[in-house]
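> Pasting a structure here, questions to come.
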Amino acid sequence: MNSMDNYNKMRDNLAGIVAVAVISIVIISQPTLFIVEEKQLPIFLSGALAIVFLKNPLKILGTFHHLTSFIIDSILVLLSFSTGAYILFVFDRIVINPLPNSLDKIFAIIAILLVLEAVRRSANLAVTLLAVSFILYGLYGNFLPRLISSRGYDWNRLAATLYLTRQGLYGIPLKVMLNYIVLFVTFGTFLETTGGTDFFISISRSLAGRYAGGPAKVAILASALMGSISGSAVANVVTTGVITIPTMKKSGYDRHWAAAIEAVASTGGQILPPVMGSVAFIMAEILGIPYLAVIKTAFIPAILFYLSSFFVAHFYAVKNGIKGEKKENLPNIMDTLKTKGYFLIPLIILIFALLKGYSPMTAPLYGLLAGIIVTSFRKETRLTLQKIIEILQKTGFTIASLSCTGAAAGIIIGVVSLTGLGAKLSSILVALAGGNLFVLLVLAAIASIIIGMGVTSVAAYILLSTLVGSALIQMGVPPIIAHLFILYFGILSMVTPPVALASYAGAAIAKSNFMKTGWTAFKIATPAFIIPFIMIYNPALVLQADLFTIIWSVLISIIGIIFFAGAIIGHLQFNLSVWDRIVIIMASCLLIIPGFYTTMGGIITLAAILFFNQYKNREILVC
């Protein structure tokens with residue numbers, strides 16, 4: 001082992017020690033309140049910053065000088081811990097008297113700069129620049145045109161607000177990371193470490209593996225299950241994709257298609273109830289509505305999302321002659337359930353606890369406890385000290401970048417709250433739309449994709465709910481539907497070039513061209529870009545109608561989604577010409593738009609296309 005390997009191992013070990021300590025504190029403090037939340041937050045952020053600086057060494061002038069880098073990063077790690085320790089030291093004073101003194105302001109500047117640098121290294125430069133832009137707006141907003149101007153605040157006031165109050169670094173985004181994301185990431189990491197991921201993939205293979213394009217359908221099912229829990233589309237791609245992508249390639253899928261299918265499926269997990277990548281809990285908290293109301297509203301659109309992906313994969317397989325696996329090569333579902341079915345127990349308990357109204361801070365703990373119990377009966381899955389350390393370290397490494405991004409999002413939200421910019425941005429969007437709801441939706445969709453680029457679904461949603469959501473509500477869109485709309489487009493940025501991180505993660509595994517994979521994922525997800533508009537114009541799909549209307553709307557929408565997917569690939573029961581595809585896409589949209597005449601127009605058009613091609617081909621291929 002050379003000196004560079006020793007150096008990297010040393011940094012990883014130090015980061016691992018910090019991760020184990022911080023995640024242990026969070027898991028112990030959540031149910032016991034051993035440390036109150038107000039004190040957990042600075043400890044949590046300090047640990048996250050330290051992990052980021054240790055795991056992402058400073059690169060000097062485009063090269064890597066490990067001694068200089070280690071000295072600088074060591075200083076940053078010490079400063080990270082000092083900013084958290086300082087809050088703990090002055091906590092009682094600032095609770096009674098929040099007016100900052102000179103030392104408060106110095107530590108505020110250090111903490112803000114550390115967060116910006118950590119996000120630059122670990123997440124995305126765009127997020128850092130966005131946070132810096134908002135800080136500059138808070139300082140110099142009085143020099144901007146009247147439409148978007150603010151009074152302008154001095155640095156002392158702004159820094160103290162962002163550091164000493166719950167309107168900045170320690171605001172809602174970081175609180176959500178602490179209270180919700182850590183526990184769900186721990187739960188997902190537990191399943192991964194003890195073999196639960198393999199179990200879900202085996203179940204998916206048993207259910208879909210023998211059908212045309214079976215490996216892709218397995219990837220979609222498995223990624224849906226894991227993606228909802230993981231809270232990160234990219235993390236889900238690299239977790240399940242290492243198994244599903246090579247399997248799809250072997251079955252006949254082009255490498256960029258295999259990567260793209262996994263990317264889209266993993267991204268969809270962020271909108272799939274009951275967990276929705278932890279966004280469900282945040283949405284309930286921000287909107288002040290019950291958690292069950294969120295998952296009930298999100299359920300049907302999420303199913304349509306996965307149906308569209310499923311049928312795109314299916315028609316691609318049929319068109320290209322990709323067969324399913326032989327039955328004898330597939331795991332038997334009953335045998336799988338007998339040998340590893342106990343992995344369903346912690347998941348069932350988690351979901352049951354959520355549906356029974358238990359706090360999202362306690363439900364995953366029940367799931368973890370159940371998982372520890374059921375895996376203890378087998379030597380290969382039983383938790384050992386080494387596995388516990390591995391789980392805590394992986395959780396800490398995963399959550400560190402997310403938490404720093406959350407702190408940066410807190411800066412943005414703090415400035416927006418202090419200056420009143422959110423209301424102004426909403427007014428600008430409404431004004432640009434000229435009072436036209438459809439135009440406003442298009443503008444909101446574009447803004448959501450741009451703001452969501454390169455950030456996690458949680459961070460994207462929090463930013464969008466602050467900057468864009470109120471504009472839709474101002475135009476009369478019900479709050480929960482408005483927030484689901486911006487969430488969809490925020491997470492679709494993960495498969496929308498040029499910053500399609502989930503697609504690029506899949507491309508790295510598949511060894512495919514990054515941009516080709518990104519555009520293929522965009523193509524696969526095309527029906528998903530229509531679903532948010534359906535939610536706005538057809539409330540029946542978010543269960544805001546009578547039962548008959550809901551059932552009818554769901555059935556018609558499924559038909560529209562299936563034909564749309566076929567048009568994307570250029571194949572139904574027969575190959576489609578360019579004109580066929582264009583007409584089918586238009587007819588599918590007519591089906592999806594509510595209304596008697598639009599529905600009948602879509603049905604008649606699709607029937608005509610099928611009849612014409614039947615007559616033309618005579619012999620219809622059987623899928």
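The values are calculated or read from the model by the stated rules, or taken from the named source; none is laboratory data. Predicted model only: the values in this text are computed from it and were never measured. Cβ coordinates were reconstructed from backbone atoms using ideal geometry, including for glycine residues, and neighbour counts include every protein chain displayed.
> Looking only at residues in the range 175-202 that are at pLDDT 75 or above and among the β-branched types (Val, Ile, Thr), which one is nearest to the chain's Cα centre (by Cα)?
First, the residues of the range 175-202 that are at pLDDT 75 or above: 175, 177-179, 182-196, 198-199, 202.
Next, only the ones that are among the β-branched types (Val, Ile, Thr) stay: 182, 185-186, 189, 193-194.
On the way: VAL182: 14, VAL185: 12, THR186: 16, THR189: 16, THR193: 21, THR194: 23 Å.
Across the range 175-202, the extreme among qualifying residues is VAL185.
> Which numbered condition in (1) part of a helix (DSSP H, G or I); (2) touching a residue at least 60 places away in the same chain (Cβ under 8 Å) is the only one that THR381 fails?
Only one criterion is unmet by THR381, namely (1).
> So, of the residues in the range 365-390 that are within 28 Å of the chain's Cα centre (by Cα) and over 21 Å from ILE351 (Cα atoms), which turns out to be surrounded by the most Cβ atoms within 10 Å (Cβ to Cβ)?
GLU390
> Considering only the range 248-305, state which residues are surrounded by fewer than 23 Cβ atoms within 10 Å (Cβ to Cβ), of a type in the set (Val, Ile, Thr) and within 16 Å of the chain's Cα centre (by Cα).
ILE295 - this is the single residue of the range 248-305 that is surrounded by fewer than 23 Cβ atoms within 10 Å (Cβ to Cβ), of a type in the set (Val, Ile, Thr) and within 16 Å of the chain's Cα centre (by Cα).
> Same structure, new question: Quick check on SER309: is it in contact with a Gly (Cβ under 6 Å, 6 or more places away or on another chain), of a type in the set (Ser, Thr, Tyr) and surrounded by 20 or more Cβ atoms within 10 Å (Cβ to Cβ)?
Details: in contact with a Gly (Cβ under 6 Å, 6 or more places away or on another chain): no; of a type in the set (Ser, Thr, Tyr): yes; surrounded by 20 or more Cβ atoms within 10 Å (Cβ to Cβ): yes.
Judged against the criteria, SER309 is not a match.
> Could I ask something else about it? Of (1) under 30 Å from SER251 (Cα atoms); (2) in a helix (DSSP H, G or I); (3) not small (Gly, Ala, Ser), PRO497 satisfies all except one. Which?
Status for PRO497: all satisfied but (2).
> Return the only residue of LEU116, LEU103, LEU78 being touching a residue at least 40 places away in the same chain (Cβ under 8 Å) and assigned by TED's automatic domain parsing to the domain that holds ASN8. Spell out how you get there, then give the answer.
Values: LEU103 fails: touching a residue at least 40 places away in the same chain (Cβ under 8 Å); LEU78 fails: touching a residue at least 40 places away in the same chain (Cβ under 8 Å).
Result: LEU116 is the single residue among LEU116, LEU103, LEU78 that is touching a residue at least 40 places away in the same chain (Cβ under 8 Å) and assigned by TED's automatic domain parsing to the domain that holds ASN8.
> Determine whether the range 130-147 contains at least one residue that is charged (D, E, K, R) and exposed (fewer than 13 other Cβ atoms within 10 Å of the Cβ).
Step one: filter the range 130-147 for residues charged (D, E, K, R), giving 146.
Still in the list and also exposed (fewer than 13 other Cβ atoms within 10 Å of the Cβ): 146.
Yes: the range 130-147 contains one or more residues that are charged (D, E, K, R) and exposed (fewer than 13 other Cβ atoms within 10 Å of the Cβ).
> Restricting attention to the range 150-165, and to residues there that are more than 17 Å from ALA111 (Cα to Cα) and either at pLDDT below 80 or touching a Phe, Trp or Tyr at 6+ places or on another chain (Cβ under 8 Å) (or both), which single residue is surrounded by the fewest Cβ atoms within 10 Å (Cβ to Cβ)?
At the first step, the residues of the range 150-165 found to be more than 17 Å from ALA111 (Cα to Cα) are 150-154.
Filter once more, so that each one left must be either at pLDDT below 80 or touching a Phe, Trp or Tyr at 6+ places or on another chain (Cβ under 8 Å) (or both): 150, 152.
Working: SER150: 20, GLY152: 15.
Residue satisfying both the conditions and the ranking: GLY152.
> Given LEU162, LEU136, which one is more than 21 Å from VAL237 (Cβ to Cβ), out of contact with any helix residue (DSSP H, G or I) (no Cβ under 9 Å at 6 or more places or on another chain) and aliphatic (A, V, I, L, M)?
Working: LEU162 fails: out of contact with any helix residue (DSSP H, G or I) (no Cβ under 9 Å at 6 or more places or on another chain).
That would be LEU136, the only listed residue that is more than 21 Å from VAL237 (Cβ to Cβ), out of contact with any helix residue (DSSP H, G or I) (no Cβ under 9 Å at 6 or more places or on another chain) and aliphatic (A, V, I, L, M).
> Do you know which of the residues in the range 401-440 that are among the polar types (S, T, N, Q) and assigned to a helix (DSSP H, G or I) is farthest from ILE43 (Cα to Cα)?
Step one: list which residues in the range 401-440 are among the polar types (S, T, N, Q), which gives 401, 403, 405, 417, 419, 426-427, 436.
Now restrict to residues that are assigned to a helix (DSSP H, G or I): 401, 403, 405, 417, 419, 426-427.
On the way: SER401: 15, SER403: 12, THR405: 16, SER417: 25, THR419: 28, SER426: 35, SER427: 38 Å.
Ranking the qualifying residues of the range 401-440, first place goes to SER427.
> Would you mind finding the one in LEU158, LEU147, LEU183, LEU191 that is closer than 30 Å to LEU99 by Cβ and either in contact with a strand residue (DSSP E or B) (Cβ under 8 Å, 6 or more places away or on another chain) or of a type outside the set (Gly, Ala, Ser) (or both)?
From the options LEU158, LEU147, LEU183, LEU191, the qualifying one is LEU158.
> Suppose we filter ILE569, ILE551, ILE561, ILE584 for residues that are within 26 Å of ILE480 (Cα to Cα), of a type in the set (A, V, I, L, M) and touching a residue at least 24 places away in the same chain (Cβ under 8 Å); which single one remains? Lay out the reasoning, then the answer.
Values: ILE569 fails: within 26 Å of ILE480 (Cα to Cα); ILE551 fails: touching a residue at least 24 places away in the same chain (Cβ under 8 Å); ILE584 fails: within 26 Å of ILE480 (Cα to Cα).
Within the list ILE569, ILE551, ILE561, ILE584, the selection yields ILE561.
> I need the full set of residues from the range 80-128 which are in a loop (DSSP other than H, G, I, E, B) and under 15 Å from PRO42 (Cα atoms), in order please.
Kept after step one, since they are in a loop (DSSP other than H, G, I, E, B), are these residues of the range 80-128: 97-101, 123-124.
Across the range 80-128, there are no qualifying residues.
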